[in-house]
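Participant: I'd like to ask you about the structure that follows.
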Amino acid sequence: MARAALSVGAIYVVGSLIGFVQRLVVTSQFGAGLEYDAFNTAFRVPDLLYSLFASGALASAFIPVYMSHLAQERRRAAWRLVRAVAVLVFVVLSVFALAASVFAPLLIRAIIAPGFSPAQVDLTVSLMRIMLVATVVFGVSGLLMGVLQSNGSFIAPAMAPWLYNLGIIFGALVLRGWGAYGLSAGVVIGALLHLAIQLPALVQVWRASRAAPHTDHPTALIPHPPSANLPHAPSARPPASMDVRGDVRGDVRGDVRGDVRQIVRLMLPRMIGLGAVQINFIVNTNLASGMGEGAVSALAIAFAVMLLPQVAIAQAAATVLFPAISAHAARGERAEFARLVARAIGVMFMLSLPASIGLILLGQPLIRLLFERGAFDWRDTQAVSFALMWYGAGLAGHSVLEVVTRGFYALKDTIRPVVLGVAGMLLNVILSLWLSSVFRAAGAFPFGGLALANTLATAVETAVLLGLLTARVPELSAGKMLAAAGRSALAALGMGVIVWVWMTLLGDGPLATALAVPVAAAAYFGLAWLVRSEEARDMIGYALRLAGSARSRSA
């Protein structure tokens with residue numbers, strides 16, 4: 001799992017670099033102006049549909065059910081489930097995309113961006129209708145990602161975002177004469193490439209499954225001890241969710257229908273939770289649309305920059321972790337489940353806390369070094385770096401949340417994350433309204449309050465969910481996780497002091513800023529070693545072993 005997570009993490013880092021290049025190309029073309037505001041606003045509804053009906057909602061419900069079949073070698077039933085869910089996702093997303101296209105003017109004018117001018121509303125509507133095509137493609141592609149990851153094939157799904165970002169770069173450069181329309185066309189091209197790169201790997205997995213021994217008999221259970229706390233523990237009789245009726249061939253259709261019903265039941269709470277997340281984005285866009293030119297784009301760029309380390313740190317680990325803990329939960333292996341989740345949470349703190357401090361201290365010089373060219377000027381740098389400072393403070397909360405929510409999904413418990421997600425959304429909205437007025441009264445960019453509201457609401461949601469998970473699985477030691485987080489925080493604070501001294505003495509020029517990153521990394525891992533961070537020591541030891549193996553092979 002460590003090797004797989006590092007491999008996926010390395011691919012995600014490259015993908016983040018490509019994503020940065022994409023963001024650089026786009027911002028150099030459009031800056032943080034009216035046209036780019038329209039593009040980012042138009043993306044809200046397609047992203048909402050994708051998040052609700054595919055993406056996290058589908059994966060969190062589909063993978064545990066699909067893994068139940070794989071854990072029992074019911075490969076034919078697993079592939080029947082894939083086909084049924086693929087058709088359902090395609091049809092549902094097509095219907096909703098068509099409805100969103102019809103009501104696009106009303107959605108933009110009355111709900112999402114009431115502060116836009118009529119001309120900007122018309123542009124936003126046109127861009128949204130183009131990008132809704134990508135939503136349908138992404139729905140099927142997201143399902144394939146879950147299938148491949150469940151079968152231990154992580155490379156193609158991890159590389160798919162590369163192709164997506166390359167499609168947007170193609171739209172920004174090759175179709176630049178079309179302006180924002182070319183950018184939206186690039187989103188559709190990227191979605192098609194996102195799907196296409198996974199098809200060869202899917203064929204390989206399908207062929208391997210046909211060649212592997214399997215038993216599609218409903219009473220074939222893996223002999224592991226039962227557990228009362230983890231669902232689907234094997235027992236003398238099959239779990240009710242398997243929809244067993246005796247004759248396998250006669251009940252194929254009923255089994256698939258039962259699985260789909262179970263996936264839909266698991267998806268519905270998750271859809272509500274993701275809808276709450278998207279409502280936060282819509283509220284922020286709504287409020288930011290009345291905060292002056294470039295406010296929507298500044299928030300979008302800052303959030304995307306914050307996500308660069310979050311993707312490499314949290315999503316890589318969570319991607320590899322989820323199928324494994326789902327299998328442990330399906331077999332009732334509580335100790336193994338708790339060990340993997342606790343280890344992953346410790347690693348999230350170990351990596352995200354120094355990255356968070358780095359974003360706060362180095363945000364402005366990094367934004368200036370990376371983005372300030374073409375249409376992106378000094379004013380844009382100030383606006384984006386101000387929002388990034390407040391978003392960056394929430395990186396640890398976002399990263400740990402990725403692992404904690406997957407722990408609940410592996411247990412097939414989507415209710416608690418949803419309830420907390422809705423509560424977090426309400427808290428975020430309240431804080432956004434209050435903090436934006438506070439920032440405005442203080443003479444600062446008011447959208448900084450929107451970023452800080454997101455950070456505070458995410459921190460509260462993560463803390464409460466982590467407490468509920470430790471109560472659900474007592475084998476998770478809250479004391480050990482807090483101790484690991486404390487050691488990481490101590491090392492990160494020491495690193496922050498060193499970085500501050502470095503920038504004070506050398507200034508924030510391009511060379512000093514570029515060198516500050518490796519200096520910060522060396523300082524952090526050195527301090528983490530001194531404070532006996534188990535996660536940091538393991539990572540350093542693993543890196544040294546990899547380096548030694550590489551030298552041995554070269555010799």
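Participant: Net charge near D380, counting Lys/Arg +1 and Asp/Glu -1 over other residues with Cβ under 15 Å of its Cβ?
Facilitator: Counting the neighbours of D380, the net charge comes to -1.
Participant: Right, another one. Using the Karplus equation 6.51 cos²θ - 1.76 cosθ + 1.60 (θ = phi - 60°), what ³J(HN,Hα) coupling, rounded to whole Hz, does each residue of segment 10-18 give in order, writing x for Gly and Pro?
Facilitator: Taking θ as phi minus 60°, the curve returns 5, 5, 5, 4, 4, x, 5, 5, 5 Hz for segment 10-18.
Participant: Another question, then. Tell me the net charge near A84. Cut-off is 9 Å between Cβ atoms, A84 excluded, with +1 for each Lys or Arg and -1 for each Asp or Glu.
Facilitator: Value of the local net charge: +2.
Participant: Additional query: Modelled label-to-label distance, I415 and A441, 7 Å Cα→beta-carbon offset: nm?
Facilitator: It is 4.1 nm.
Participant: Turning to a different aspect of this structure: Hey, got the dipole for segment 253-330? About the Cα centre, +1 on K and R Cβ, -1 on D and E Cβ, debye to the nearest 20?
Facilitator: Computed about the Cα centre, the dipole is about 380 debye.
Participant: Suppose every Lys and Arg Cβ carries +1 and every Asp and Glu Cβ carries -1, with no other charges. What dipole size does segment 367-447 come out with about its Cα centre, to the nearest 20 debye?
Facilitator: 100
Participant: Quick one: Karplus J couplings for segment 414-429, per residue in order, coefficients 6.51, -1.76, 1.60, θ = phi - 60°, nearest Hz, x for Gly and Pro?
Facilitator: 9, 6, 4, x, 5, 4, 5, x, 5, 4, x, 4, 4, 5, 4, 4
Participant: Assign unit charges at the C-beta atoms only (+1 for Lys and Arg, -1 for Asp and Glu), then state the dipole size of segment 401-482 relative to its Cα centre in Debye, rounded to the nearest 20.
Facilitator: Around 20 debye, computed over segment 401-482.
Participant: Let me ask you something else. Considering amide H positions built from the backbone, and no H for Pro or chain starts, which residues 5 or more places from D413, or on another chain, come under 5 Å of its amide H?
Facilitator: Amide H to amide H, under 5 Å and 5 or more residues apart or across chains, D413 pairs with nothing.
Participant: Which ordering of E534, E461 is given by a fewest-first count of other beta-carbon atoms within 10 Å?
Facilitator: E534, E461
Participant: Per residue of segment 463-474, in order, report the coupling 6.51 cos²θ - 1.76 cosθ + 1.60 (Karplus, θ = phi - 60°) as ³J(HN,Hα) in whole Hz, putting x for Gly and Pro.
Facilitator: 4, 5, 5, 5, x, 5, 5, 5, 6, 6, 10, x
Each reported figure results from applying straightforward, stated rules to the coordinates on display, with no laboratory input. Being a predicted model, the structure only gives us computed values, none of them experimental. Neighbour counts are summed over all protein chains in view; Cβ atoms, including those assigned to glycine, are modelled from backbone coordinates with ideal geometry.
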